[in-house]
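Reviewing the structure listed below.
The values are calculated or read from the model by the stated rules, or taken from the named source; none is laboratory data. Computed from a predicted structure; not experimentally measured. Positions of Cβ are generated from backbone atoms using ideal geometry, with glycine treated the same way; all protein chains shown enter the neighbour counts.
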Amino acid sequence: MKSRKRIFIGLISFSLLLLFGILAFSWHLFFKSTDTYQQIVVIAIIAIFCSILLIMGFGIGGLVFALVKERNMPPILQNIMLLAVNTLFPVALYIGRILGIDKHIIKSSFIEVNNQLVKCNRLTISPEKIMILAPHCLQKSDCPHKITIESANCIRCGQCPVDDLHGIAQKYGVKLVIASGGTLARKFIEQARPKAVIAIACERDLTSGIKDSKPLPVLGILNIRPEGPCFNTLVSLKAVEEAIEFFLHKGANNVVSFPLTQNQKPLN
Ligand code: SF4
């Protein structure tokens, strides 16, 4: 498992241990100071929380196994893994902040874990069921064409990556949509009902989008921000093509290299 993925796995594991610690401390605190009837209530409550934490521990174990062995997991275990990730992620972010770990690094680690898990599924999806979901900030800031409702409004002048994405979408026969935010992105997904999404965005939007879209397989690709966030951003076209080819199952044996870090240059 690569070190970047270990950050997320390490933090959610630590979060789980912390919650177990809080539970043990609560037991110690409340059990002694209550009468017999209240003790039964405390035991019942702690037993319920303990069971939930054990299930999440099982989910983390499944996550590590899937990542190390690069194996797909049964649906029930995938749901437990999802429960563990969704529940422990906010705690992991909080612990990361205390430890001085940049939240972008933690989110980027989560995106890599997600991508690896998606790659564990041996998916073969027809091109018309694959959607490229790109952010509005890829569009050149002074472009007058409104492309968020209809991406085809782009006249393909070649001045921003939207032109290249149109070229890729045409080449593979996949759908391209440009969203100005999470609400519009969700609307596009509800309308088109794709079977797989290649999402391009920053760490924050990718993290929330991936979590909101489950169980839909989403491969996340970080955008590149040479002029700062949300302004004239770029994307690695190579990473987009690799993601499409993975879903088409043409590139199942390829090493898929997304998401890119901020230091990597886009390949135009
Ligand atoms: S490629 Fe399309 S979106 Fe980009 S600047 Fe030209 S017309 Fe606007």
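Listed values, structure above:
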item	result
Selection within the range 147-158 - near the ligand (Cβ under 10 Å from one of its atoms), within 22 Å of residue 225 (Cα to Cα) and of a type outside the set (A, V, I, L, M)	151, 154, 156, 157, 158
Residue 12 vs. criteria among the β-branched types (Val, Ile, Thr), part of a helix (DSSP H, G or I) and in contact with a helix residue (DSSP H, G or I) (Cβ under 9 Å, 6 or more places away or on another chain)	yes
Among the candidates 162, 218, residue that is under 24 Å from residue 121 (Cβ atoms) and not assigned by TED's automatic domain parsing to the domain that holds residue 108	218
Failed item, numbered, when residue 197 is tested on (1) in contact (Cβ under 8 Å) with a residue 40 or more places away in the chain; (2) within 10 Å of the ligand (Cβ to nearest atom)	(2)
Near pairs, Cβ below 7 angstrom, 6+ apart or cross-chain, from the range 38-66 (touching a residue at least 60 places away in the same chain (Cβ under 8 Å)) to any residue that is surrounded by 14 or more Cβ atoms within 10 Å (Cβ to Cβ)	64/9
Hits in the range 164-190 - residues which are under 25 Å from the mean Cα position of the chain (by Cα), within 12 Å of the ligand (Cβ to nearest atom) and assigned to a helix (DSSP H, G or I)	164, 165, 166
Only one of 135, 161, 144, 127 that is near the ligand (Cβ under 8 Å from one of its atoms) and in contact (Cβ under 8 Å) with a residue 40 or more places away in the chain	161
